[in-house]
């Protein structure tokens, strides 16, 4: 697609500040939108969907793995949790550690849900600043990015559900 800023001419008439001469200069300058190529590459919604799905599923797996490691480490540091019969208070800081020891399947259920929520918040917060210039400069590209994010999110939710349903505790395999 032809660059909408320079219309394929590769240069635009702009006014910019030159720090070497400490003056304002008006003249032709290489287009910053297409970087002098005259062409803007529009990736399809499918490519953005795959990129977002990869990012979201990787982020989900990483958050889940970090939570697993942190919970197992906290259980090792606090062996008294193994002697507790019941934790009544959901907001107790040791609730998930106790649940990790007592009912692993319920712990996986809660951790999967919380990891998915954290993923769906964190990844867009990282991706939006990286793609904001493209969203503003080319509306068609912005639509493709939004559609890709939406499809990637829709694909990540079944990924998380499948993760929960097929989860096997590694300690049972050893």
Cβ-based exposure ranking for 62, 116, in which fewest neighbours within 10 Å come first: 62, 116
Residue-span extension gain [residue 21 to residue 54] - 0.36 nm each, minus C-alpha spacing: 7.2 nm
Net length gained if the chain between residue 166 and residue 30 were fully extended (0.36 nm per residue, minus Cα distance): 43.6 nm
Fewest-first sequence of 21, 30, 156 by Cβ atoms within 10 Å of each Cβ: 21, 30, 156
Residues 61, 115 arranged by fewest to most Cβ contacts within 10 Å: 61, 115
Modelled FRET efficiency - R0 30 Å, residue 85 with residue 120, Cβ distances, 0.05 increments: 0.25
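Relative contact order of the stretch 42-173, please, whole-number percent, based on alpha carbon pairs below 8 angstrom and at least 6 residues apart.
Rounded, it is 47 percent for the stretch 42-173.
Coordinate-derived values only; no laboratory data. Here the structure is a predicted model, which is why all the values come from computation and not from measurement. Heads up, the Cβs are rebuilt from the backbone with ideal geometry, glycines too, and the neighbour counts pull from every protein chain shown.
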